[in-house]
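S.K.: Take a look at this one; I'll ask things after.
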Amino acid sequence: MVNFCFSFWERNHMRQTYIAQVKAHDNYKLEVKIDYPGKSDGIVIFCHGSGPNTYDNPREIEGKHFNYFDLFADEFCRRSLAFCRWNTRGCAVSNHPPDFVAIDRAGYETYCPATSIQDIITVKNYVKALPQFRYAKILLMGISEGATLAPFAAVQCDDIAGLLLAGFSYGNMRDTLNWQLSGGSSMVNMCKYFDCREKGFIEKEDFVRDKYNVRPTLFQDIPFEALDIDGDGKLTQRDFALQLAEYKREVFEAIERNDDTWLRENYPVQITSKWCKEHFALPNVSAMLSRLSVPIYIFQGEDDANVPITEIHHIHDDFHRAGKSNLRIFTFPKHDHDLNYLHYIFNGMLSEGLHCVFDVAQACCHSQGNGEHQ
């Protein structure tokens with residue numbers, strides 16, 4: 001099935017939208033969407049983050065209704081680059097807010113790292129066979145989980161021109177979950193809320209001062225002492241680790257006993273035990289990246305509460321030890337996991353981090369090189 005959709009704006013700017021069903025390696029039909037300008041110097045293939053996603057990702061937040069991927073399609077096409085993405089297995093766009101996604105359980109259960117990696121390769125092969133992209137450079141762009149899996153796909157291809165990785169995690173998914181559920185995520189957010197990034201902990205005077213007036217919304221009627229569980233006079237990661245200890249135990253036990261019902265009802269992102277266990281068993285992502293000679297770009301927000309940015313130096317050190325020079329890391333102060341995407345939705349302003357992603361992609365596709373890997 002192939003659909004062509006043209007809006008007035010797209011016709012007058014030579015932008016086209018292409019939707020197709022593409023058969024995966026296991027015969028699952030992937031719903032793929034491509035936006036492309038009249039002339040494409042390259043194409044960015046987007047690899048989703050964790051959980052249910054669609055090729056539009058409609059969202060409703062604080063009264064704002066938007067398609068998450070419209071911004072990416074607009075900015076890449078403006079730079080003469082096509083933009084490709086697809087529905088996560090078992091997912092389809094629905095009319096139900098706030099996430100606007102319908103989930104077919106049988107299809108969603110096939111969503112795991114092994115199939116996701118193969119789906120990236122399948123879509124890449126499909127795109128490469130289309131006449132309009134036969135000579136276009138191909139970039140793989142991954143955010144969060146996609147930033148972990150894109151390298152595993154790239155090492156199996158000989159026609160990738162570069163990788164764009166945002167919200168990148170150096171550690172395994174087990175390490176990431178352990179960090180999140182041991183107070184790491186909480187402290188990143190708390191230090192942001194109370195303007196304590198530099199010292200890395202919150203004292204009572206910071207909590208009382210409440211510089212950004214977050215307490216009435218987030219901590220209404222909660223005294224400082226109730227959060228300072230270890231009673232040392234400051235809020236640290238240890239306080240939140242103690243608070244989360246029981247929940248963390250329950251999460252890992254549910255994964256171990258394959259209790260997908262418990263995970264569905266108690267974990268904020270819809271994941272399955274199979275998905276978790278496959279992630280836990282993946283080889284080191286740094287080893288995959290070090291096998292590539294194409295340009296690799298990592299974009300990391302310093303306020304990322306999903307992955308520990310403190311570990312980003314490890315990937316740099318690995319490349320330095322290996323004598324490789326094809327990695328560049330960009331870090332952005334006061335940027336979150338999505339590189340402050342919502343600033344565009346609420347303020348109409350493109351963040352420094354996203355602007356960098358779009359410009360780097362354009363430069364990468366306009367540079368010389370054959371995109372081969374070692």
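The values are calculated or read from the model by the stated rules, or taken from the named source; none is laboratory data. All of these numbers come straight from a predicted model, not from anything done at the bench. We place every Cβ from the backbone using ideal geometry, glycine too, and count neighbours over all the protein chains shown. Side chains included, ligands, DNA and RNA excluded: accessible areas come from the protein's heavy atoms. Shrake-Rupley method; radii C 1.70, N 1.55, O 1.52, S 1.80 Å.
S.K.: Do the conditions hold for K128, that is, is it touching a Lys or Arg at 6+ places or on another chain (Cβ under 9 Å) and open to solvent by 10 Å² or more (accessible area, probe 1.4 Å)? Full working, then the answer.
M.R.: Working: touching a Lys or Arg at 6+ places or on another chain (Cβ under 9 Å): yes; open to solvent by 10 Å² or more (accessible area, probe 1.4 Å): yes.
Criteria met by K128.
S.K.: Working only within region 350-368, note down all residues that are over 14 Å from Y297 (Cβ atoms) and modelled with pLDDT under 95.
M.R.: First, the residues of region 350-368 that are over 14 Å from Y297 (Cβ atoms): 350-352, 366, 368.
Residues satisfying the conditions are H366, Q368.
S.K.: Residue by residue through region 295-308, note down the ones that are crowded, with 21+ Cβ neighbours inside 10 Å and among the hydrophobic types (A, V, I, L, M, F, W, C).
M.R.: If the condition is that a residue be crowded, with 21+ Cβ neighbours inside 10 Å and among the hydrophobic types (A, V, I, L, M, F, W, C), then I296, I298, F299, V307 are the ones that fit.
S.K.: Residue check, G183 against (1) on the phi > 0 side of the Ramachandran plot; (2) at pLDDT 95 or above; (3) over 24 Å from the mean Cα position of the chain (by Cα), all met but one. Which one?
M.R.: Among (1) on the phi > 0 side of the Ramachandran plot; (2) at pLDDT 95 or above; (3) over 24 Å from the mean Cα position of the chain (by Cα), the lone unmet condition for G183 is (3).
S.K.: If D336 satisfies all but one of (1) in the same structural domain as D74 (by the TED database); (2) surrounded by 17 or more Cβ atoms within 10 Å (Cβ to Cβ); (3) modelled with pLDDT under 95, what's the number of the condition it fails?
M.R.: With respect to (1) in the same structural domain as D74 (by the TED database); (2) surrounded by 17 or more Cβ atoms within 10 Å (Cβ to Cβ); (3) modelled with pLDDT under 95, D336 is out only on (3).
S.K.: Right, another one. Among the residues in region 264-276, are any within 25 Å of G90 (Cα to Cα), loosely packed, with under 15 Cβ neighbours inside 10 Å and in contact (Cβ under 8 Å) with a residue 12 or more places away in the chain?
M.R.: Yes, the conditions are met somewhere in region 264-276.
S.K.: Please determine whether any residue of region 318-336 is on the phi > 0 side of the Ramachandran plot and touching a residue at least 12 places away in the same chain (Cβ under 8 Å). Spell out the reasoning first.
M.R.: Applying the first criterion (on the phi > 0 side of the Ramachandran plot) to region 318-336 yields 323, 334.
From what is left, the residues that are touching a residue at least 12 places away in the same chain (Cβ under 8 Å) are 334.
Looking for residues that are on the phi > 0 side of the Ramachandran plot and touching a residue at least 12 places away in the same chain (Cβ under 8 Å), one finds at least one in region 318-336, hence yes.
S.K.: Starting from residues that are closer than 20 Å to G49 by Cα and not in a loop (DSSP other than H, G, I, E, B), keep the ones in region 348-358 and report whichever is most open to solvent (accessible area, probe 1.4 Å).
M.R.: Among them, the one singled out is H355.
S.K.: Quick test for you: out of I345, I329, pick the one residue that is in the same structural domain as Q156 (by the TED database) and either part of a helix (DSSP H, G or I) or open to solvent by less than 40 Å² (accessible area, probe 1.4 Å) (or both). Spell out the reasoning first.
M.R.: Working: I329 fails: either part of a helix (DSSP H, G or I) or open to solvent by less than 40 Å² (accessible area, probe 1.4 Å) (or both).
When all the criteria are applied, what remains is I345.
S.K.: Here is a further query. With over 27 Å from the mean Cα position of the chain (by Cα), outside the structural domain of V294 (by the TED database) and at negative phi as the only criterion, which of D206, D210 stands out? Quick ask: steps written out before the conclusion?
M.R.: Working: D210 fails: at negative phi.
Answer to the check: D206.
S.K.: Return a yes/no flag: does region 199-221 have any residue that is touching a Ser or Thr at 6+ places or on another chain (Cβ under 7 Å), in contact (Cβ under 8 Å) with a residue 12 or more places away in the chain and buried (at least 16 other Cβ atoms within 10 Å of the Cβ). Give the steps one after another, and end with the answer.
M.R.: So the first thing to find is which residues in region 199-221 are touching a Ser or Thr at 6+ places or on another chain (Cβ under 7 Å), and the list is 201.
Filter once more, keeping what is in contact (Cβ under 8 Å) with a residue 12 or more places away in the chain: 201.
Imposing the further condition that a residue be buried (at least 16 other Cβ atoms within 10 Å of the Cβ) reduces the set to 201.
Scanning region 199-221 turns up at least one residue that is touching a Ser or Thr at 6+ places or on another chain (Cβ under 7 Å), in contact (Cβ under 8 Å) with a residue 12 or more places away in the chain and buried (at least 16 other Cβ atoms within 10 Å of the Cβ).
S.K.: Additional query: Mind listing just one residue for me: the one in region 33-55 that is part of a loop (DSSP other than H, G, I, E, B), under 23 Å from D119 (Cβ atoms) and touching a residue at least 40 places away in the same chain (Cβ under 8 Å) and, of those, most open to solvent (accessible area, probe 1.4 Å)?
M.R.: Kept after step one, since they are part of a loop (DSSP other than H, G, I, E, B), are these residues of region 33-55: 37-41, 48-55.
Narrowing the set further to residues that are under 23 Å from D119 (Cβ atoms) leaves 40, 48-55.
Next, from what is left, pick out any that are touching a residue at least 40 places away in the same chain (Cβ under 8 Å): 40, 48-54.
Values: S40: 23, H48: 24, G49: 18, S50: 42, G51: 0, P52: 27, N53: 17, T54: 1 Å².
Ranking the candidates gives S50 first.
S.K.: Go through region 61-74 and report how many residues are outside any loop (DSSP other than H, G, I, E, B), loosely packed, with under 13 Cβ neighbours inside 10 Å and not hydrophobic (A, V, I, L, M, F, W, C). Spell out the reasoning first.
M.R.: Residues of region 61-74 outside any loop (DSSP other than H, G, I, E, B): 61, 64-67, 70-74.
Pick out the ones that are also loosely packed, with under 13 Cβ neighbours inside 10 Å and you get 61, 64-65.
In the following step, the residues that additionally are not hydrophobic (A, V, I, L, M, F, W, C) were identified as 64-65.
Number satisfying all stated conditions: 2.
S.K.: Name the residue that is surrounded by the fewest Cβ atoms within 10 Å (Cβ to Cβ), counting only residues in region 236-263 that are assigned to a helix (DSSP H, G or I) and touching a Gly at 6+ places or on another chain (Cβ under 9 Å). Quick ask: steps written out before the conclusion?
M.R.: Pass one, region 236-263, residues assigned to a helix (DSSP H, G or I): 237-256, 260-263.
Right, trim to touching a Gly at 6+ places or on another chain (Cβ under 9 Å) and you get 237-244.
On the way: Q237: 18, R238: 16, D239: 22, F240: 21, A241: 18, L242: 13, Q243: 15, L244: 18.
Here the residue is L242.
S.K.: State whether one or more residues within region 266-278 are more than 16 Å from M173 (Cα to Cα), basic (K, R) and at pLDDT 95 or above. Quick ask: steps written out before the conclusion?
M.R.: Step one: list which residues in region 266-278 are more than 16 Å from M173 (Cα to Cα), which gives 266.
If we keep only those that are basic (K, R) as well, we get none.
Among the residues of region 266-278, not one is more than 16 Å from M173 (Cα to Cα), basic (K, R) and at pLDDT 95 or above, which makes the answer no.
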